[in-house]
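In what follows, a structure is listed as structure tokens, so that the remarks can point back to it.
Read-outs throughout are calculated quantities, based only on the coordinates presented, and are distinct from any laboratory measurement. Given the structure is predicted, the values throughout are model-derived calculations rather than measurements. Every residue, glycine as well, gets a Cβ built from its backbone with ideal geometry; the counts of neighbours run over all protein chains shown.
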Amino acid sequence: MQSSLFVQAASGKATSRTPVWLMRQAGRILPEYRKVREKAKDFKKLVKTPELAAEVTLQPVRILEVDAAIIFSDILVIPEAMGLNYEMEENKGPVFPKKITSVNDLRGLHIASPEELQYVLDAISLTKKELNGAVPLIGFAGAPWTIFSYMIEGRGSKTFSAAKKMLYTQPAFSHQLLDMITESTIHYLKAQIRAGADVIQIFDSWAGILAPHQYKEFSLKYISKICDAIPECPKIVFAKGAFFARAEMNTMNCEVVGLDWNMGIAESRALLPDKVLQGNLDPCALYGSREDVKRETKKMLDAFGPSKHIANLGHGLYPDTEVDKVKCFIETVKEHNKLKA
Ligand code: CP3
């Protein structure tokens with residue numbers, strides 16, 4: 001797998017063309033996914049059944065012909081393994097029946113051991129076997145700050161003000177919980193790599209709601225700790241909305257930095273000269289016509305240039321995106337670069 005286009009690019013090496021994959025490529029845009037999802041009845045059953053998780057992981061490789069697979073799971077398996085159960089409510093998203101409200105609640109939590117997430121590791125081993133070297137496999141975890149936010153809020157939020165309140169009013173407790181999540185995540189990601197993950201991505205979906213000084217203290221510090229602890233494979237850090245932290249991210253121990261669509265490409269190159277960049281087409285650009293998709297994709301590719309780039313969206317695919325437009329995006333990336341070679 002070291003020789004694959006995607007791993008080469010993620011390691012900072014030159015490639016014959018830009019590799020492409022999409023965040024949330026395994027999911028509701030594919031009728032084939034919805035079928036398996038119906039069969040499994042609920043989301044967690046799908047995540048916890050390695051055969052089904054492997055099947056939906058492979059679907060985008062087969063149907064969309066992306067250059068990498070990403071293991072089908074969720075970032076919320078970590079709080080669950082630590083002792084905080086979550087439910088996935090239909091059309092609503094994740095909900096934690098019990099949430100963390102004070103230092104007393106830490107008594108019910110522990111640092112997760114990888115054995116508690118054996119179902120993910122089994123799904124990874126099975127997927128690797130079925131991929132049979134076709135494309136590499138991405139493992140992933142949430143950044144400690146994003147996981148912390150869900151554990152405190154108990155669900156998604158527009159402002160995440162309860163989680164932010166904790167940082168201001170109980171910083172010592174916040175650090176204690178962030179440390180526990182970080183330790184759990186390091187063990188978990190290392191186990192994913194042992195099971196066969198070729199590259200890992202850290203998702204900091206709620207990076208953008210923090211002020212820069214808080215982001216540094218309560219998020220970047222922990223992402224850095226994870227990156228420092230994992231020399232085994234290339235690491236991608238995607239911190240949605242953290243445009244203010246790009247200069248700091250350039251010194252972090254990761255090979256790739258993911259950009260969202262708010263982050264200017266030329267400006268990001270200047271702030272992150274030592275990193276491979278991943279991204280960053282607005283997922284809404286895929287609502288346009290095929291011509292629109294081609295034009296926007298080429299514009300993005302030209303702005304990044306032919307090297308040190310992994311093509312992706314600036315965040316996950318929206319479920320109502322047409323498969324044909326996703327294919328158009330992928331084909332454009334593959335062809336545009338071939339013309340240049
Ligand atoms: O294809 C892939 O990207 C791999 C699978 C994947 C899922 N979740 C499956 C999923 C990945 C990488 C994630 C990560 C994840 N989960 C993040 C970080 C990335 C991001 O989007 O910012 C976050 C914040 C979560 C938490 C989560 N899971 C939310 C907020 C939701 C509800 C929103 C939604 O899209 O419905 C989920 C559910 C979820 N995770 C779905 C999928 C395919 C949809 C549920 C379904 O099939 O019914």
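What the table shows:
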{"quantity": "Test for Lys41: is it surrounded by fewer than 22 Cβ atoms within 10 Å (Cβ to Cβ) and farther than 24 Å from Cys254 by Cα", "calculated": "yes"}
{"quantity": "Counted residues, the stretch 132-147 - those being in contact (Cβ under 8 Å) with a residue 40 or more places away in the chain and either in a loop (DSSP other than H, G, I, E, B) or over 16 Å from the mean Cα position of the chain (by Cα) (or both)", "calculated": "5"}
{"quantity": "Residue match in the stretch 25-34 (condition: of a type in the set (A, V, I, L, M), buried (at least 20 other Cβ atoms within 10 Å of the Cβ) and farther than 24 Å from Pro283 by Cα)", "calculated": "no"}
{"quantity": "Breaking point among (1) under 21 Å from the mean Cα position of the chain (by Cα); (2) more than 26 Å from Asp179 (Cα to Cα); (3) touching a residue at least 12 places away in the same chain (Cβ under 8 Å), for Arg62", "calculated": "(3)"}
{"quantity": "Selection from the stretch 25-43 of residues that are of a type outside the set (A, V, I, L, M), within 11 Å of the ligand (Cβ to nearest atom) and in contact with a helix residue (DSSP H, G or I) (Cβ under 9 Å, 6 or more places away or on another chain)", "calculated": "Gln25, Gly27, Arg28, Tyr33, Arg37, Phe43"}
{"quantity": "Residues (within 17 Å of Ala311 (Cα to Cα) and surrounded by fewer than 17 Cβ atoms within 10 Å (Cβ to Cβ)) located in the stretch 270-291", "calculated": "Asp282, Cys284"}
{"quantity": "Filter result (more than 9 Å from the ligand (Cβ to nearest atom) and in a loop (DSSP other than H, G, I, E, B)) within the stretch 62-79", "calculated": "Leu64, Glu65, Val66, Asp67, Ala68"}
{"quantity": "First in the stretch 200-211 and within 17 Å of Val77 (Cα to Cα), second anywhere and near the ligand (Cβ under 10 Å from one of its atoms) and in a loop (DSSP other than H, G, I, E, B), Cβ under 7 Å, 6 or more apart", "calculated": "Ile202/Ala143; Phe203/Ile75; Phe203/Ala143; Asp204/Ala143; Asp204/Lys240; Ser205/Lys240"}
{"quantity": "One residue from Leu22, Leu58 being among the hydrophobic types (A, V, I, L, M, F, W, C), buried (at least 18 other Cβ atoms within 10 Å of the Cβ), within 12 Å of the ligand (Cβ to nearest atom) and not in a loop (DSSP other than H, G, I, E, B)", "calculated": "Leu58"}
{"quantity": "Residue match in the stretch 80-94 (condition: within 22 Å of Val323 (Cβ to Cβ) and assigned to a loop (DSSP other than H, G, I, E, B))", "calculated": "yes"}
{"quantity": "Count of the stretch 94-113 residues which are within 15 Å of the ligand (Cβ to nearest atom) and over 21 Å from Thr185 (Cβ atoms)", "calculated": "1"}
{"quantity": "First in the stretch 27-53 and closer than 23 Å to Leu117 by Cβ and assigned to a helix (DSSP H, G or I), second anywhere and within 10 Å of the ligand (Cβ to nearest atom) and of a type in the set (Asp, Glu), Cβ under 9 Å, 6 or more apart", "calculated": "Phe43/Asp74; Phe43/Glu90; Lys44/Asp74; Val47/Asp74"}
{"quantity": "In the stretch 284-341, the residues that are within 24 Å of Ala270 (Cα to Cα), among the basic types (Lys, Arg) and not in a loop (DSSP other than H, G, I, E, B)", "calculated": "Lys298, Lys299, Lys340"}
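Yes or no, residue by residue, for (1) surrounded by 21 or more Cβ atoms within 10 Å (Cβ to Cβ); (2) of a type outside the set (S, T, N, Q):
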{"site": "Val77", "(1), (2)": "yes, yes"}
{"site": "Asn85", "(1), (2)": "no, no"}
{"site": "Pro94", "(1), (2)": "no, yes"}
{"site": "Lys98", "(1), (2)": "no, yes"}
{"site": "Ser102", "(1), (2)": "no, no"}
{"site": "Leu106", "(1), (2)": "no, yes"}
{"site": "Leu109", "(1), (2)": "no, yes"}
{"site": "Ser113", "(1), (2)": "no, no"}
